[in-house]
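Just below is one structure, and these are the notes that go with it.
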Amino acid sequence: MSKKVFGFKVGLVVKYFILADLALLAGWGLIQPVFAVFILDRIDGATVLTLGIAAAIYWGVKSVIQIPIALFLDRTPGEKDDFIFVICGLTLAGLTALSFIFIDKIWQFYLVEFIHSLAFAFYIPAWNGMFARHLDKDHQSLDFSLDSTLVGVASAITGLLSGFFVTWFGYNTIFVFGALFSFVSASIIFLMPQIVFPHRRHKGAIFRNHSPKAINR
């Protein structure tokens with residue numbers, strides 16, 4: 001089964017995964033442009049070095065953890081494990097965004113960044129694996145490009161809006177919306193047709209392996 005995204009025909013699962021990715025990264029697009037200023041304003045004693053250490057925690061932990069997760073997902077038959085990791089990653093991402101509201105100490109900032117790294121280490125390998133298995137065999141490049149383009153446009157828009165939101169409503173607003181978008185992303189995946197609540201003409205949820213040609217069945 002296939003649907004159209006902005007006039008382009010893509011697989012149904014691809015469409016929902018693009019929407020989920022768009023929601024997640026649009027939400028974090030609100031946070032990222034003003035995040036460094038927020039930390040320096042909010043946490044006593046925070047410096048540029050503090051930001052550098054936090055970035056090292058995020059990228060270092062994420063880079064180390066996501067490879068073992070990817071290997072585990074590849075060795076485990078079916079897609080149930082991928083689905084669980086995607087949902088867990090998105091839920092952690094939402095909780096991470098909310099946690100920034102309550103931090104006021106450097107160690108708390110580092111702890112939240114560690115959780116942030118876990119969220120995306122869970123999400124990225126699992127999302128990529130499921131997305132790749134449902135690519136249209138004639139339009140793999142288009143599917144990936146649609147995701148990248150739509151996420152980029154959404155992030156540009158929310159990045160522009162983030163400054164206005166902080167100016168008018170304060171920092172907490174962007175974290176609440178960032179969390180909300182992460183939870184919306186999780187809801188899109190969780191309620192995806194044929195995954196958790198399959199159509200009655202299907203015998204069960206599609207927690208199994210797929211080749212690219214399978215999406216247009």
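Distance between the C-alpha centers of segment 93-155 and segment 16-82? Whole Å please.
So the separation of the two Cα centres works out to 6 Å.
Let's test the formula: R0 of 25 Å, r as the Cβ-Cβ distance of Lys80 and Ser148. What FRET efficiency results, to the nearest 0.05?
Values: r = 27 Å, r/R0 = 1.08.
Efficiency for this residue pair is about 0.40.
Taking loop as defined by DSSP and a crowding limit of 12 other beta carbons within 10 Å, which chymotrypsin sites (Phe, Trp or Tyr not before Pro) in segment 67-123 fit? Walk me through the numbers before you get to the answer.
Values: sites: Phe72, Phe83, Phe85, Phe100, Phe102, Trp107, Phe109, Tyr110, Phe114, Phe120, Phe122, Tyr123; in loops: Phe100, Phe102.
Listed in order of number, the matching sites are Phe102.
Roughly how many nanometres apart are two label points built 7 Å out from the Cα toward the Cβ at Asp138 and Ile65?
Label-label distance for Asp138 and Ile65, simple model: 4.2 nm.
Answer rounded, prolate or oblate for segment 107-188, using the Cα gyration tensor with square roots of eigenvalues a ≥ b ≥ c: rounded when a/c is under 1.5, else prolate when a/b is larger than b/c, else oblate.
Judged from the Cα gyration tensor, segment 107-188 comes out oblate (a/c at least 1.5, b/c at or above a/b).
Just so you know, all these numbers are worked out from the coordinates, no wet-lab data involved. Everything numeric here is computed off the predicted structure, so don't read it as measured data. Note that we place each Cβ from the backbone using ideal geometry, even for glycine, and neighbour counts take in every protein chain shown.
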